[in-house]
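Asker: This is the structure I have questions about; it appears just below.
No lab work stands behind these numbers, since they all come straight from the coordinates. Here the structure is a predicted model, which means the values were calculated and not measured. Counting neighbours? That spans all protein chains shown, and the Cβs are built from the backbone with ideal geometry, glycine included.
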Amino acid sequence: MIYIEKINKTLLPKSHLNYQVIDLFAGCGGLSLGFEAVGFKTLGVDLDSFAAKTYTQNLIGNCLEKKT
């Protein structure tokens, strides 16, 4: 099994927890990926529009773009 397949299999999101994590300065969502993998709902916030779009495309939770 190659590394990316292992990561995708290991980090399958679970939904048994009813808690939400807010990820400030979320970037592309690396921290939130870990939280989603153990069952937390996530909401990201980032200043960079490309990072916010990447987060939203790749994770279950959404990422809000904070405009300055």
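Asker: Please list, or write none, the lysines whose alpha carbon is within less than 18 Å of the alpha carbon of LYS53, excluding same-chain residues fewer than 8 places away.
Answerer: Filter leaves LYS41, LYS66, LYS67.
Asker: Take the Cα gyration tensor of the chain, multiply each eigenvalue by 5, square-root it, and list the three semi-axes largest first, rounded to whole angstrom.
Answerer: That gives 22, 15, 7 Å for the three semi-axes.
Asker: Using r as the Cβ-Cβ distance of LEU64 and TYR19, and R0 as 25 Å, what FRET efficiency do you calculate, to the nearest 0.05?
Answerer: 0.85
Asker: With a cut-off of at most 15 other beta carbons within 10 Å, and DSSP calling the residue loop, which trypsin sites (Lys or Arg not before Pro) in the chain qualify? Please list them.
Answerer: Here the sparse-neighbourhood loop sites are LYS14, LYS66, LYS67.
Asker: Using unit Cβ charges (K, R positive; D, E negative) and no other charged atoms, how large, in debye to the nearest 20, is the dipole of the chain about its Cα centre?
Answerer: 140
Asker: I want to check the label-to-label distance for LYS53 and LYS9. Put each point 7 Å from Cα in the C-beta direction and report it in nm to one decimal.
Answerer: 3.4
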